[in-house]
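One structure is given below, encoded as structure tokens.
Just so it is clear, none of the values below were taken in a lab; they were calculated from the coordinates. If you're wondering where the values come from, they're calculated on a predicted model, not measured in any experiment. Heads up, the Cβs are rebuilt from the backbone with ideal geometry, glycines too, and the neighbour counts pull from every protein chain shown.
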Amino acid sequence: MHPDIQPILDKALAGERLSSDDCTALLESPDFVRIGLAADEIRQRQNDPSIVTYIIDRNINYTNVCNVVCTFCAFYRRPGAPDTYVRSFEEICDGKWDHLPEQAFMYVGGIEEAAEQAAAMAKA
Ligand code: SF4
């Protein structure tokens, strides 16, 4: 059972600073629609409502191998599954993204292999 987040949203809408416990409750809440509506209301108060800005970003998945097994995730594959992949550092950084208009790149992927890759890169 998740706590009622409305008092936290009311606090944010009133311009009060949220505590770390408030933020944790929002992160753990499945009620992302109410959170989004409150965020949009604050955005519209603080900015010209007729202007919405955004960035173009790209997620680069270095691996789908993961041991964490988040319940919402349809992306991961357990180690040893037949449809796993791991992209090397060289493969990710070979310049094939350079021509793209993206303003941000996010490297996301499985946890177990990420730790192994980070260790391998630290040794290189
Ligand atoms: S890939 Fe990410 S979201 Fe999916 S199970 Fe692993 S840690 Fe969770």
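One table, with the values for the structure above:
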item: Residue-count net charge about Pro49 - beta-carbon cut-off 15 Å; Lys, Arg +1, Asp, Glu -1; result: -1
item: For the chain: relative contact order, % (alpha-carbon pairs under 8 angstrom, 6 or more apart); result: 26
item: The chain - Cys residues lacking any other Cys C-beta under 4.7 Å; result: Cys23, Cys66, Cys93
item: Under 13 Å, Cβ to Cβ, from Ile5 - net charge with Lys/Arg +1 and Asp/Glu -1; result: -4
item: Convex hull volume per residue for the chain, taking Cα atoms only, in Å³; result: 177
item: Neighbourhood net charge (9 Å Cβ-Cβ; Lys/Arg +1, Asp/Glu -1) for Ala104; result: -1
item: Global form of the stretch 3-55, assessed from the alpha-carbon gyration tensor, a/c cut-off 1.5; result: prolate
item: Under Karplus coefficients 6.51, -1.76 and 1.60, residue-wise ³J(HN,Hα) of the stretch 78-89 in Hz, glycine/proline x; result: 5, x, x, 5, x, 9, 7, 8, 9, 8, 6, 4
